[in-house]
Amino acid sequence: MQIEKQAIADRFARLPRDKQKIFLDALRKQGVDFARLPIVSAAGAQDSAALSYAQLRQWFLWELDPGSTAYHINGALKLRGALDVAALKASFAALVERHASLRTVFRPDGQGLSEQRILERIDFDVETIDLSALSPQAAEDGARDAAKRLTDTPFDLTRGPLLRVGLLRLAAEEHVLVVVMHHIVSDGWSKQILVDEFMQQYRARVRGETPAMAPLPVRYADYAAWQRNWLEAGEKERQLAYWTERLGAANTVLQLPTDHSRRPDGRYQAAGHTVELSRELVQQLHQLAHGNGATLFMVLLAGFQVLLHRHSGERDIRVGVPVANRTRAEIEGVIGFFVNTQVQRNVMDSRTPLSKVLAQTKEAALGAQAHQDLPFEQLVEALRPDRSLSVSPLFQVVFNHERIDGRAFAQLPGIEVESYALGDPAAQFELVLNTSEDADGRVNALFAYAAELFDAESIERMAGHYVAILGALASRGELTVGDVDLLGAAEKAQLAQWSVNTHREPGLQPVHRLIEGHARHQPQATALLFADDALSFFELNRRANRLAHRLISLGVGPDVLVGIAMERSVEMVVGILAILKAGGAYLPLDPEYPAQRLAYMVEDSGIRLLLTHRATRDCIAFREGLTFLEVEDLDLSGEPESDPEIPLHGEHLAYVIYTSGSTGKPKGAA
């Protein structure tokens, strides 16, 4: 059966593109899944080969900014003990010889794209730097500088090698090992392969043995050709149909509130904040996942989506999620750029129960898993979002969950291994949440963020909010998204402190009293301008006083509400000021509002007196008990010009404003 599958795969690979689609359709009709057929060799060792879709995007980004280090994959270890430097160098040289991706370079193909060339040999060496003659502190500082240079030096994709290894000697038995790869030939899974195979190589060589490693069945270039043939023979259309329906035509941009302005070029340095989840919470999250037929990944992602909604206010939350994309046995041990990025979408509002958010996350994750082969680059090309250097297409934040096992480090003979923190790299995205679960069940959440956008304190608070959401998700799934209490004790104490204001302004006066004071002390100063009209403080106060006395005679006093439906004008300001002078409160009724809305406001407020212009009189329907005063027809010459002097205090009503009514009927706010 395996021989027959190999023959089918070989035949497919030799067919021209137009015949491959027909052949693939025929296989489907016979129930043969092409994805399960073996990958065949695409080219000779030194031949040129086409790039994968993911590599094409990396090539484009590198051509756009060759000096960027955003797509460097870095790692460093501190090694204590009797290190066999010769065995270490030989081990890395063997890895370069074993993995074709580490001997691959790239060049333009003359058609505006690129091709990859696998070299039979490439000049590779481990750069060694001896700092042992320096003082311990100087050696540490020198190691930091050297590690930064190794990680911050851009790669030349056209020359290679695209693996860089540095060994920094701090003392006779203390070294720092720095490894840097470009993403175009590697990914997170590949990094673990490199570590595991290095350990295997080193252990054998220090014993004087030849490492026994099975030959790799395929190279990354073979996979790239297989993937392109399979997708372009029809599989791309099937998976693209799912994603376009899932994501829709709208490409929303998640705008998280930042502490500093975004840059037009979108270039930032990364910083990080890590929080470890308590063992009790981790156990509750596992129980929640098990009880809902979900995984810990789904639960942690659902919590992150809720966090983004609460911080942004957006309903449509889209998160980039990398997937290993190694569903075939023959590529599990191959170093290369296999990882794909999916867009996980969830729609929620403040009234969505947490349990529903998790259910939606689970559904989306299962659907994405069944359609994980479509390269992200193809999805971007199909949806055609607005492109900008400052905004990543389709999503702006990333979530990644991985299981880590550091026990392999304990297998180096005579060497104690510990992690070595490198400097902050360039940020690929504004915010990335990396969650990791180790062999002992501990779960850490690393918030990697653009340091020029967010203050460290803001991210620390965000991490606390994430833990609070996970706690609510685990214990109170019926709780709605908007009802989750995000604030910790310190934030609540800060809010309480901010809410206490011991300062009191002396002699607070209502606004009409202030205008009366201006009328006495600077009567001719201009108080009001409208079009070509101008009123001094004296004239404004005099006209308002006359109207106020008339209103008082009509029953206006403290807490009496008076409607005002007038066009913007001098008379409108005089009317508002007169109502306040009479001790009353004003209710603005915009003549532009629909008649039904105005009628509701008049009835609901219970006003019995209304100031209008002649032109706006008919905007308000007649209602029994409501008196209309058209300001053009009022003869106020007999009214006093003196200030009414109505006794008032701060608790008396000044105005009532009605809400928009977007969630129901308008409500009056006093």
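May I ask you to list the residues in segment 549-578 that are β-branched (Val, Ile, Thr) and over 23 Å from Glu592 (Cβ atoms)? If the condition is that a residue be β-branched (Val, Ile, Thr) and over 23 Å from Glu592 (Cβ atoms), then Ile552, Val556, Val560 are the ones that fit. Residues that are farther than 17 Å from Leu307 by Cβ and aromatic (Phe, Trp, Tyr) within segment 465-503 comprise just one, Trp498.
Against the list (1) free of Cβ contacts under 8 Å to residues at least 60 places away in the same chain; (2) surrounded by fewer than 17 Cβ atoms within 10 Å (Cβ to Cβ), the condition Leu540 fails is (2). Within segment 160-178, the set of residues being surrounded by fewer than 23 Cβ atoms within 10 Å (Cβ to Cβ), part of a strand (DSSP E or B) and not aliphatic (A, V, I, L, M) comprises Arg164, Gly166, Arg169, Glu174.
With respect to (1) touching a helix residue (DSSP H, G or I) at 6+ places or on another chain (Cβ under 9 Å); (2) at pLDDT 95 or above; (3) among the charged types (D, E, K, R); (4) surrounded by fewer than 20 Cβ atoms within 10 Å (Cβ to Cβ), the lone exception for Arg345 is condition (4).
Among the residues of segment 370-393, those that are surrounded by fewer than 14 Cβ atoms within 10 Å (Cβ to Cβ) and modelled with pLDDT under 85 comprise Arg384, Asp386, Arg387, Ser388, Leu389, Ser390.
Return a yes/no flag: does segment 355-364 have any residue that is hydroxyl-bearing (Ser, Thr, Tyr), touching a Gly at 6+ places or on another chain (Cβ under 7 Å), assigned by TED's automatic domain parsing to the domain that holds Ala472 and in contact (Cβ under 8 Å) with a residue 12 or more places away in the chain. Yes; the residues of segment 355-364 include at least one that is hydroxyl-bearing (Ser, Thr, Tyr), touching a Gly at 6+ places or on another chain (Cβ under 7 Å), assigned by TED's automatic domain parsing to the domain that holds Ala472 and in contact (Cβ under 8 Å) with a residue 12 or more places away in the chain. Out of curiosity, is Ile657 modelled with pLDDT of 90 or more, assigned by TED's automatic domain parsing to the domain that holds Leu598 and more than 14 Å from Gly583 (Cα to Cα)? The answer is yes for Ile657. If I filter segment 234-241 for residues that are at pLDDT 90 or above and surrounded by 16 or more Cβ atoms within 10 Å (Cβ to Cβ), do I get at least one hit? Scanning segment 234-241 turns up at least one residue that is at pLDDT 90 or above and surrounded by 16 or more Cβ atoms within 10 Å (Cβ to Cβ). Between Ser436, Ser390, Ser419, Ser499, the distinction of being over 23 Å from Asp316 (Cα atoms) and either touching a residue at least 40 places away in the same chain (Cβ under 8 Å) or in contact with a helix residue (DSSP H, G or I) (Cβ under 7 Å, 6 or more places away or on another chain) (or both) belongs to Ser419 only. Might you let me know whether segment 202-210 holds any residue that is in contact with a helix residue (DSSP H, G or I) (Cβ under 7 Å, 6 or more places away or on another chain), in the same structural domain as Ser135 (by TED's automatic domain parsing) and surrounded by fewer than 16 Cβ atoms within 10 Å (Cβ to Cβ)? For segment 202-210, residues in contact with a helix residue (DSSP H, G or I) (Cβ under 7 Å, 6 or more places away or on another chain), in the same structural domain as Ser135 (by TED's automatic domain parsing) and surrounded by fewer than 16 Cβ atoms within 10 Å (Cβ to Cβ): present.
Within segment 617-626, the presence of at least one residue that is over 56 Å from the mean Cα position of the chain (by Cα) and either more than 19 Å from Ala565 (Cβ to Cβ) or assigned by TED's automatic domain parsing to the domain that holds Ala565 (or both) is confirmed.
The values are calculated or read from the model by the stated rules, or taken from the named source; none is laboratory data. Treat the numbers as computed from the prediction; the structure is a model and nothing was measured. Ideal geometry is used to build each Cβ from the backbone, glycine not excepted, and the neighbour counts take in all protein chains shown.
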